Amino acid sequence: MSNLSYMTQRDSDEFYDDAMAPPYDAMAVAQGDEATFDLRQLLQIVWCRKMTIVATSFILTTLAVLGVMQATPLYVAQAQLVVEEQRERALEFGQVLQGGRFDYWTNQTQAAILMSRGLAEKVVDEMDLTNHPLFNPALAEPEEGLFDRLDLRGFVRGLIPQWIRDELRRARGQEAEVDEYTDEELAAFLREDVIEWFLAGVTVDASDQSRVLDVQYISEDPDFAAEAANALAEVYINETILRKFEANARATDWLNQQVAELRQRLEASQSALEEHRRNIGYLDIEGQASILAQQLAELNTDLVRARGARAESAARFQQIEKLLESEEGIESAATVLDSPLIVRLREQETDVIRQLAELRTQLRGQHPRLILKENELADLRQKIRREVEKITTSLGNELQIAEIREQNTSTEVDKIKRAIEKQNEDLVTLRALESEVQANNSIYQAILNRFKETDIQEEALQQADARLISPAVPPRYPSYPRKTLIVMVALMGSILAGIVLVFIIEHLDAGFRSLPQIEQATGVRSLGIVPKLQGFGLRHLKPQDAILEKPDSIFSEAVRTIRTALLVSSTEAPRTILVTSALPAEGKTSLALSMGRSAAKAGQRIIAIDCDMRRPSLHEELGIPNLTGLAEYLEGSVELEEIIEIDEFSGMHYITAGHHTPNPTDLLNSERMRQLIERLKHAYDLTVFDTPPVLAISDTLMISKYVDKTIFVVRWGSTRRESAVAGLRALMEARANLAGVVLSQVDVRKHSGYAYGTYRYGYGSYEKHYHS
């Protein structure tokens, strides 16, 4: 729509004069209105299609009433139970039935038990529901309904060919052979179905503030509903008592078994304790532990000393080895050793060296005395070397002895430690065995005492944890269906559905229902509406005849309104008018003739010309033959005066289309046609051209640019919006001077519901002021 509006403004700026501005002023107003929510518009739509809402409401409400009348009434019977706290205990340290504070979840649990399948099975068996007519269709009395009287099965059977019936019978026989069940299996299947049906009618409401449970049963039989609710409550109460007996019985069996097992366990633990004492030779294990600890302390002291001696020997030995490996060798080793023999030899060596030094100063190199002293010095040094080697060997032996002594001491320490650890383990095992004997003895005595108490408790009278405070009674009135509520809800819902349907129809409606809709969709101003001829006095008339015979009718007034809107559409009254539409059968010919006759009756000189040479209709509407007309004139075979005829009823002049021609477009676009338009403009006050639809052929576009104004006709509720927009776009592209849009064949009564917001289009409200 925006493209069309933009194109309209662009074309008007480029090609049109100031007289073209008014038809497009409505565009901005329409777009502004469309952007806001208009409650009045919605109410107008609902009111216009009120019969759709009424019909929808009537149909849906009627169906609801019929459904309510056909629904089987259901009765609800209610019994009330109060659940007491569960106090009975079979054991002091572990209860068979857990008691304690009663809360919401406990109440919900009891409600779930009441609706359990196990409880339903007991009720079904107790009431023998498998043989009840409500649950066993084979025992129910057949009811003859409307469809049974009509014998629809026989009617449908007659419609099925015989060969199909034979095949179905054969297939049914094969299935019967495959699906054969015994009587016991069929009875089991029936019982399962009855349990499911019974559970479907059970409802239990648990109170959030108390221990009360409301047990309800829904059935079409009020007496059975009360019986079922009471039976379910009684079975539940009996189950609580039976559950206590079973719990005590299970506790007694368990305690008996536990007593036997604990006796065996106590005896086994005592035997294990004695056996362990014999194995460890138990006399005074604490005294033995102190002796071993004392021995361990002494050995640890010896070990420390041995490690010190070994470290000292290793240090001396390593020192001697390093000195022997140095450059001085024996000399440096001898200086650090404190052996008396080495000390004396070192003193002798020093004295010989001194003497040798003195002889070297006195004697020559090979002197016997000098040689003797050198040999003496070498002998002394040899003795020192042998003594150092002996001492080194002795230190090595001493180091080995120290290492062996340290290793032996460490071994003894480890032995004492292992002995102490073994003794500790034996002591721990002894204490554990003694504790186990004590514990087993305590548990055995406790279980034995509880076993005696449970035996006495089993014989005592048990009380139920629930009691019936309000038994169910047969209800007097059905709870379902709630006919009044259902009908009212159906009525409200059907009205809402009708309104929704109305808006859906309105949304899917492809046609225009009011002039504001056209202005909003196209941006082109509207000139008015042409009502459909309705009423006893107008229905048999043609539109152009109603102008003459019923001048005071709605139709006549609408045509005059269009003429008035056309006169005020520009500063100068148009003298040539083209009437066209997007598609055929829009009512353009009737509008052209009606405007012509109305203007002629008003005293104007007017001529109407049929420009549709392919499908001429003006002569048919006037009831005259189409002999010679516009086609002959444009071809040049006749003169203008020869084709102009006069309507004897109104004085309107007219020209028919003439004979069929193969090139009407060329004729309408010729210079002779342009001269004809100029000639008629000066000869008549108003010239109306009835042209073909613009989307069907292009003839209209050829002459639209030569006339003063163009009227575009849209049929009410019929012309698709896309077609109307496309037709207007074609006229704008052809530079047609659009006067506006006319909505034709309007149902005035329905249109009054759509003509919201613009009083000048609301002809329906003024209908009573005009004579039909």
If you find the alpha carbon centre of region 503-529 and of region 546-567, how far apart are they in angstrom? 22
In this model, which of Lys532/Lys709; Lys601/Lys705; Lys588/Lys705 are farther than 22 Å apart at the alpha-carbon? Lys532/Lys709; Lys601/Lys705
Over region 482-636, calculate the relative contact order: mean separation of alpha carbon pairs under 8 Å at least 6 apart, over the residue count, as a percent. 15
Could you order peptides 580-591, 471-482 by the average number of other Cβ atoms within 10 Å of their residues, highest first? 580-591, 471-482
Quick check on region 186-254: take the gyration tensor over C-alpha atoms, sort the square-rooted eigenvalues as a ≥ b ≥ c, and tell me if it's rounded (a/c under 1.5), prolate or oblate. oblate
At most 12 other Cβ within 10 Å, DSSP loop - GluC sites (Glu not before Pro), region 590-665: Glu639, Glu648
Heads up, I need the accessible area for Trp197: 1.4 angstrom probe, whole protein in place, Å², nearest 10. 110
As a test question: what accessible area, to the nearest 10 Å², does Met115 have when a 1.4 Å probe is rolled over all protein chains in place? 80
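The values are calculated or read from the model by the stated rules, or taken from the named source; none is laboratory data. This one's a predicted model, so the numbers in the text were calculated from it and none came from an experiment. For neighbour counting, all protein chains shown are included, and Cβ atoms are generated from backbone atoms with ideal geometry for every residue, glycine included. Each accessible area value is taken on the protein alone, full model and side chains, heavy atoms only, with ligands, DNA and RNA left out. Shrake-Rupley method; radii C 1.70, N 1.55, O 1.52, S 1.80 Å.
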